[in-house]
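The values are calculated or read from the model by the stated rules, or taken from the named source; none is laboratory data. The shown structure was predicted, so the numbers you read here are calculated from the model rather than taken from an experiment. Because the Cβ atoms are built from the backbone with ideal geometry, glycine has one as well, and the counts that use them run over all protein chains shown. The protein model used for the area step is the full one, side chains on, heavy atoms only, and it has no ligands, DNA or RNA in it. Shrake-Rupley method; radii C 1.70, N 1.55, O 1.52, S 1.80 Å.
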Amino acid sequence: MSISPNKGPTTGGTRVTITGTNLAGASAVTFGTKPAGGLVQLSPTQVAAVSPPGEGVVGVTVTTPGGVSNPALFYYFEPPFLCILSSSSGPLAGGVGITLTGIGLATAVSVRFGTHTATPTVVNDRQITVTVPAGDAAGAVTVLVTTAGGTSNPQQYTYVGLPTVTALSPALGAPSGGTTFTLTGTNLTGAGVTFNGVPATGVTVNSAGTALTGTTPAGTGQAVVRVTTPGGSTTVPGGFTYTLQRAYVTNTGSNSVMVLNTATSTLVGNPIAVGANPRGVAFTPDGTRAYVTNNGSATVSVLDTASATATVTIPVSSTPHGVAITPDGSRVFVTHNGLSLVSVIDTATNTVLTTVTVGSNPYGVAVNPAGTRAYVTSQGTGTVSVIDTATNTVTGNPIPVDASPRGVAFTPDGTRAYVTNSGSGTVSVINTATNTVLTTVTVGATPRRTAITPDGTRAYVTNSGSGTVSVINTATNTVTGTPVTVGTTPYGVAVTTDGVRAYVANQGSNTVSVLDLTTNTVTGSLTVGTGPFAIATA
């Protein structure tokens, strides 16, 4: 005689079929000493019954008019207890193998993840392995194991969406590593980041899983940047370029641009010849080109940074001055301080797409980190105009600031813009959500330009009238410490991408001061061309 199934939970309730000979007229089925319920005569050779509660291994017999049959063995199992999952989260697509540890798992037949079921492999009574099935949506589901003894207690498993990355900033840094970077995207919680397979350090992710910061390892050349989370992996578009960190300084009196190695704070190569009276300079996001405004020759020079040569000259309107490039590198905004307009250059063709009318005597320009707005300071009207970069039109009313605004710079999160007002010795702090002035900070005499650290905690302001640099704490919008004394008539200022140093172009002394941002002290001075004006780092 045989019984199927031959095992079930100690609580009973298993419906079994008993097959044998001479089973007609069955009057009872017994599990050990306990009678079964639900007896049904299926045929002269088969009966069905429901197991009573029991323990261990018992003999199952059938009573007929001919007597009691020989026993068939039935095994009682305790319900399983599930202790832990080797991984409590994974990709929404499933496919990950995990180990489940508990008690009474030897007869496991299925593992349910929410509404989906997988078949496990039994390792022993305390462990099973299973490949996680795909989920329906990101989020937590209940995990249950079914064995001959019943269904386990629940555990939780979280399906995680595949990470996405929309931006990496900056996209280049020093071969020695140490560049602080920010990744923005979705599903970044729990992420690790590698550069050509080498892990980044100091990785932190915001609570929403949309922004990640870290520090680059050392490397060379073009690095593949990979983000890995419990939800899977993704490659960052464009990757990261390890390159010589540079600063470009425009020399208004010698019609040239000097190149500095910011890793060693030394001059590199010969001056690059550009147009007459060069003013502004800005690098493309990938660092392969720099755009220089030549105020005296009504042109913009395009510099190839690999060869350190001017490769293209773009004719523009008269008196080009400030320059800023969109984060995607597609357009260049150039102010014309003798006119009331801004030129917009297409970097694919290096031609002027259009011009935008703004307030009189526009000076400085900066594009917000999102690339959606360009802020232009108008020295003649004491205002800041906001250009919509999608339409290349001025949006809203000009923002009133203090007298003779010159420089403008955004915090890395784009929530504030800092404007230097050379006529009033102040810096206006603009709330970019409302385009209103939050507060005004008093600095030194005749402030010209400002640069903000990559972590957004400090703004460095050059005071050309007092030969100093003021340091603003952006959390409190107050000047911290004593102004740092630099060269004569400081004008341009730029912070390195790793936030370690700042460089100040001193127009009156033909030098560039090197500032250690840890101590806010001058650690060196480099003699450059005549009348150094603007400076940019990459």
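Applying the criterion of being part of a strand (DSSP E or B) and surrounded by 19 or more Cβ atoms within 10 Å (Cβ to Cβ) to the residues of region 187-199, the residue that is farthest from the chain's Cα centre (by Cα) is 195.
Take residue 313 and tell me if it is touching a Gly at 6+ places or on another chain (Cβ under 6 Å), polar (S, T, N, Q) and modelled with pLDDT of 95 or more. Taking the combined requirement at face value, the residue does not satisfy it. Restricting 405, 412 to those that are farther than 18 Å from residue 331 by Cα, touching a strand residue (DSSP E or B) at 6+ places or on another chain (Cβ under 9 Å) and open to solvent by less than 10 Å² (accessible area, probe 1.4 Å) reduces the list to 405. Against the numbered list (1) open to solvent by 40 Å² or more (accessible area, probe 1.4 Å); (2) free of Cβ contacts under 8 Å to residues at least 24 places away in the same chain, residue 388 comes up short only at (1). Residues that are buried (at least 20 other Cβ atoms within 10 Å of the Cβ) and either in a loop (DSSP other than H, G, I, E, B) or acidic (Asp, Glu) (or both) within region 475-486 comprise just one, 486. Taking the criterion of being under 18 Å from residue 89 (Cα atoms) and open to solvent by 30 Å² or more (accessible area, probe 1.4 Å), the residues of region 115-127 that qualify are 115, 116, 117. Yes or no: region 278-296 includes at least one residue that is at pLDDT 95 or above, more than 34 Å from the chain's Cα centre (by Cα), farther than 28 Å from residue 178 by Cβ and among the hydroxyl-bearing types (Ser, Thr, Tyr). Scanning region 278-296 turns up no residue that is at pLDDT 95 or above, more than 34 Å from the chain's Cα centre (by Cα), farther than 28 Å from residue 178 by Cβ and among the hydroxyl-bearing types (Ser, Thr, Tyr). Scanning region 452-460 for residues that are modelled with pLDDT under 95, farther than 29 Å from residue 278 by Cα and open to solvent by 50 Å² or more (accessible area, probe 1.4 Å) turns up at least one hit. Pairs meeting the criteria (first residue in region 518-532 and open to solvent by less than 30 Å² (accessible area, probe 1.4 Å), second residue aromatic (Phe, Trp, Tyr), beta carbons under 8 Å, at least 6 apart or on different chains) are 532/491.
Scanning region 290-315 for residues that are under 21 Å from residue 336 (Cβ atoms) and not in a loop (DSSP other than H, G, I, E, B) yields a count of 15. The set of residues in region 330-384 being small (Gly, Ala, Ser) and part of a loop (DSSP other than H, G, I, E, B) consists of 330, 338, 340, 348, 359, 360, 370, 371, 380, 382. The set of residues in region 128-155 being over 38 Å from the mean Cα position of the chain (by Cα) and either open to solvent by 70 Å² or more (accessible area, probe 1.4 Å) or without any contact (Cβ under 8 Å) to a residue 12 or more places away in the chain (or both) consists of 151 alone.
Of all residues in region 42-56, those satisfying the criterion of being open to solvent by 30 Å² or more (accessible area, probe 1.4 Å), at pLDDT 95 or above and either touching an Asp or Glu at 6+ places or on another chain (Cβ under 6 Å) or not hydroxyl-bearing (Ser, Thr, Tyr) (or both) are 42, 44, 46, 50, 53. The strands (runs of 3 or more DSSP E) falling completely within region 1-105 that include 2 or more residues that are in contact with a Cys (Cβ under 9 Å, 6 or more places away or on another chain) map to 97-103. Scanning region 487-517 for residues that are open to solvent by 40 Å² or more (accessible area, probe 1.4 Å) and of a type in the set (A, V, I, L, M) returns a single hit, 500.
Scanning region 271-296 for residues that are within 20 Å of residue 328 (Cβ to Cβ), open to solvent by 20 Å² or more (accessible area, probe 1.4 Å) and of a type outside the set (Phe, Trp, Tyr) turns up 285, 286, 288, 289. Of the strands (runs of 3 or more DSSP E) contained entirely in region 201-246, those carrying at least 1 residues that are open to solvent by less than 30 Å² (accessible area, probe 1.4 Å) and out of contact with any helix residue (DSSP H, G or I) (no Cβ under 8 Å at 6 or more places or on another chain) fall at 211-215, 221-223, 225-229, 232-235, 240-242.
Yes or no: region 113-124 includes at least one residue that is part of a strand (DSSP E or B) and touching a residue at least 40 places away in the same chain (Cβ under 8 Å). Yes. Residues in region 297-314 that are open to solvent by 10 Å² or more (accessible area, probe 1.4 Å) and touching a residue at least 24 places away in the same chain (Cβ under 8 Å) were compared, and the one that is nearest to the chain's Cα centre (by Cα) is 305. Kindly indicate whether any position in region 78-91 is out of contact with any helix residue (DSSP H, G or I) (no Cβ under 6 Å at 6 or more places or on another chain), farther than 24 Å from residue 146 by Cα and in contact (Cβ under 8 Å) with a residue 40 or more places away in the chain. No, there is no match, as no residue in region 78-91 is out of contact with any helix residue (DSSP H, G or I) (no Cβ under 6 Å at 6 or more places or on another chain), farther than 24 Å from residue 146 by Cα and in contact (Cβ under 8 Å) with a residue 40 or more places away in the chain. In region 340-353, the residues that are on the phi > 0 side of the Ramachandran plot reach residues that are buried (at least 19 other Cβ atoms within 10 Å of the Cβ) with C-beta atoms within less than 8 angstrom, at least six apart or across chains, in these pairs: 350/302; 350/314.
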